[in-house]
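Take a look at the structure below.
Just so you know, all these numbers are worked out from the coordinates, no wet-lab data involved. Being a predicted model, the structure only gives us computed values, none of them experimental. Every residue, glycine among them, receives a Cβ derived from its backbone with ideal geometry; neighbour counts consider all protein chains shown.
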Amino acid sequence: MNNPETANAWIIYRLLPNFQRLPVALFRSRSEAESSLKVIRQMLPNTELILAFEVGPENPTTELNQPPAKEPNLPTSANRELLKIFLISSRPVVSRVIHSFHRDNFACVSDWSPLVPTQNSGEVMSVLIKHFAADS
């Protein structure tokens, strides 16, 4: 999962048989990742999940010493609020809701985590993490 989007990111993985893992959600902050992992573990108690820090392939020591690049037009952490949306249903329903949010310009399809099977047969989950400006 090393690509420009995941360079230096916290990632929640679902552990699969044969030492495989499936990415569930990606975070820039460890605290956000840990709180989301706690919620996901409560929702999916029989699922093995881990939290990992992924370092990008291009000279990681240099990147770690530099301050993180500021994302354009994002409110600072002092005046923004975090929204976490978990969709859990059948694959067609979750996909339809994700595309509905995209059509309504709420979130791009690529902003959602991959569809992850839950412990219930025929059920999948996807997660969206979004930042909003806090009301003054």
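Modelled spin labels at ILE50 and GLU123, positioned 7 Å past Cα toward Cβ, are 2.6 nm from each other.
Report the gain in length on full extension from SER90 to ARG41: 0.36 nm times residue separation, minus Cα-Cα distance, nm rounded to one decimal. Walk me through the numbers on the way to the answer.
Working: separation 49, 0.36 × 49 = 17.64 nm, distance 1.92 nm.
Length gained, SER90 through ARG41: 15.7 nm.
Amide H contacts under 5 Å for LEU49: LEU15, restricted to partners 5 or more places along the chain or on a different chain, H placed in the peptide plane at 1.01 Å from N.
Taking amide H as placed 1.01 Å from N in the peptide plane, GLU123 has its amide H under 5 Å from the amide H of THR118, each at least 5 places away in sequence or on another chain.
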